[in-house]
1. Inspect all residues belonging to the stretch 452-473 and state whether any of them is closer than 17 Å to Glu507 by Cα, surrounded by 17 or more Cβ atoms within 10 Å (Cβ to Cβ), assigned by TED's automatic domain parsing to the domain that holds Gly510 and touching a residue at least 60 places away in the same chain (Cβ under 8 Å).
2. If you scan the stretch 545-554, which residues turn out to be crowded, with 23+ Cβ neighbours inside 10 Å and either of a type outside the set (Asp, Glu) or assigned by TED's automatic domain parsing to the domain that holds Ala97 (or both)?
3. Within the set of pairs 6 or more residues apart or between chains, which connect a residue that is closer than 27 Å to Ala330 by Cβ and modelled with pLDDT of 95 or more inside the stretch 370-389 to a residue that is loosely packed, with under 14 Cβ neighbours inside 10 Å and of a type in the set (Val, Ile, Thr) with Cβ atoms less than 6 Å apart?
4. Assuming Val401 fulfils every condition listed in (1) modelled with pLDDT of 95 or more; (2) in a loop (DSSP other than H, G, I, E, B); (3) buried (at least 19 other Cβ atoms within 10 Å of the Cβ) apart from one, which condition is it?
5. For the stretch 410-462, list the strands (runs of 3 or more DSSP E) that sit wholly inside it and hold at least 1 residues that are under 32 Å from the mean Cα position of the chain (by Cα); which are they?
6. Please determine whether any residue of the stretch 311-331 is farther than 17 Å from Leu48 by Cβ, crowded, with 21+ Cβ neighbours inside 10 Å, in the same structural domain as Ala209 (by TED's automatic domain parsing) and touching a residue at least 12 places away in the same chain (Cβ under 8 Å).
7. Taking the stated definitions as given, is Ser392 in the same structural domain as Ala458 (by TED's automatic domain parsing), within 38 Å of the chain's Cα centre (by Cα) and under 26 Å from Ile536 (Cα atoms)?
8. Determine which member of the set Trp424, Trp419 is surrounded by fewer than 24 Cβ atoms within 10 Å (Cβ to Cβ), modelled with pLDDT of 95 or more and in the same structural domain as Gly530 (by TED's automatic domain parsing).
Amino acid sequence: MAEYESIHGTRVRYLTSDPTLDSTTEGQVWYNSTTGTNKTLVQIKATLSSGSLSTARAGLAAGGSSPQTVGIVFGGTSAYPNTDTNATEEYNGFNWANGGNLNLARTYMAGFGTQTAAVGAGGYDHGNGDKSEVEEYNGSTWSEVTDLPGNQRSQGAAGTQTAGLVFGGDPPGPIRTQSLEYDGTNWTSSGTLNTGRKYLAGCGIQTLALAVGGSTGDPARSAATEEYNGSSWTSGNSFTEGRSALACFGVQTHAVIAGGADPSIVNSIEEYDGTNWTTSPATLATARRYTSGFGSGTAGVIAGGSKPAVANETEEYNSSINAFTHSAWAAGGSLPTGVYFAGGAGDKDAALSIGGSRFSPPAGVNTVNIYNGSSWTGGPNLNYSGRGTNMSGGPKTAAWVGGGAFPSYPTILNNFSTWNDSSWTAGPTLATNTSDAGGTGPQTACLGYGGYVTSPSAGGTNKTQEYNGSSWSNVNNMPVTTSNTGDVGQSQIAAGATIPGASTFVEYDGTNWTAGGSTPGGNFSSVGGGPLNNSILAADVGIRYNGSAWSADQNLGTPRTSSSGGKMGDGTTGIVFGGSPPGALTEEYTQGTSVTTASTLTTS
């Protein structure tokens, strides 16, 4: 029997603790004398459920060259037996957002390209049969371009918008072996497949493409692999389980196939290394066929399909030394009474909901509720009532709140109160009467910005005011006006403000405001908390700030506006509560993880 040293080229290391776990130790085996175990660092292959498609569908197309975090799908059948959809959806690594609709709804299109430069070719219109139409996507709208040379559907595809390839498919006549190259304007015939197939899949680039699986005629399912070199196809090794209507992503030297039918619907996954296929230990949580995929051989996405009902499930496939979890919002305890535009303080495990507005009848309230990590209980009322009292901050044990409107606009308040974990105390009045403003900072160094100084109809303000522990004063104005402000950061020198419905973000350094990283857009009046360099801000969309740039994160389970949140913690957890609609819901946030973990070797 061969020894480890002769196979790997090194001896098993004898260590008192595990080495640094990174790419340099991948594949190594060592003995940990402290734990008495043999250990190794190997690739973890796993699927991970992600955000569902807005439109469940089967027979959809994808921009297969898209990376895992910036993908696109379009078309398909949204309901059997014959409801075609023209819907386009864009993926951000967590969630799907609607894009521009196709001009022609159809199923079984060939799709290739990326989220900002995709192509949908051919397909089947259940009302009018097979189609030759081709459309290009520019990131927002679809435009009709040069048709395919004849009606066709169920082809495989690879490449980019200016260098694409479609192959196989049907009809008319026998199952096709043809290949057609696209240069961004015209279609040109090229080499033929060795085995004609329909409902096959493809990946790679135009000059290094891969054609896999498909049907050679009902009920035959193919396990054939063919590689394209820019002019001709060469047969490669077959994969383990023949299947059609499958997903494929990656490149010619490292590809992944998932799902499909053989003829029963399968959930198996196989990986290709450029020569051989191996069955992955990971499987799809939802077996499906007529699905689509995009990404790389180490990080891909499988979306939609038929199970046999049309599916909206999305799963990510990862092959990495790291184990991944997605960020998630989970339901927490409901508020006793729904409110919006309330003040918020604390964190996920110890929060305050302060004042705000009730729904019926609409009015400012002085209600205070205390969260213990699972449920809310009533606390001592705030010593004044005010709508839009979301200018607030601090931990649960030393919170503050200021401003509001009572009994209604345009009567704007200048009240300021502090909390000592048992009662409220009125403090010095604000420098500027305000409601619906942003606020951050500890109780002795508060910062307030934006909001209304007269009435909502007059619009927001750019006013900034600071509290030094004894009095409030107006300081340098923001470069923008804002109201119903979302905020991140926890201290007076690390604060931010977003403009609802826009992508503006500004930061405060204790003296001046400067433009921060641009946001992906949307309404960000809900705050989930955290320091400026690791903050989660969520309302209609989920986003995260790392101190210099915004990135996509998980959406709230129930989108809403005018909600509130805890503003403390390290940003790996957060809480959002109230809002419009429905007012009483609470959601708790846990940031996703990427952890490198060594495996313990066992004998049997």
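The values are calculated or read from the model by the stated rules, or taken from the named source; none is laboratory data. Owing to the predicted nature of the structure, the values given are computational and were not obtained by experimental measurement. Cβ sites come from the backbone with ideal geometry, for glycine too, and all protein chains shown count toward neighbours.
1. No, the stretch 452-473 contains no residue that is closer than 17 Å to Glu507 by Cα, surrounded by 17 or more Cβ atoms within 10 Å (Cβ to Cβ), assigned by TED's automatic domain parsing to the domain that holds Gly510 and touching a residue at least 60 places away in the same chain (Cβ under 8 Å).
2. First, the residues of the stretch 545-554 that are crowded, with 23+ Cβ neighbours inside 10 Å: 545, 553-554.
Of everything in the stretch 545-554, those that are crowded, with 23+ Cβ neighbours inside 10 Å and either of a type outside the set (Asp, Glu) or assigned by TED's automatic domain parsing to the domain that holds Ala97 (or both) turn out to be Tyr545, Gln554.
3. Every condition considered, the pairs that remain are Ile370/Thr377.
4. Every listed condition holds for Val401 apart from (2).
5. On the way: elements: 416-419, 424-426, 438-440, 447-449.
Answer list for the stretch 410-462: 438-440, 447-449.
6. Filtering the stretch 311-331 down to residues farther than 17 Å from Leu48 by Cβ leaves 331.
Checking which are crowded, with 21+ Cβ neighbours inside 10 Å leaves us with none.
No, the stretch 311-331 contains no residue that is farther than 17 Å from Leu48 by Cβ, crowded, with 21+ Cβ neighbours inside 10 Å, in the same structural domain as Ala209 (by TED's automatic domain parsing) and touching a residue at least 12 places away in the same chain (Cβ under 8 Å).
7. Values: in the same structural domain as Ala458 (by TED's automatic domain parsing): yes; within 38 Å of the chain's Cα centre (by Cα): yes; under 26 Å from Ile536 (Cα atoms): yes.
Judged against the criteria, Ser392 is a match.
8. Trp424
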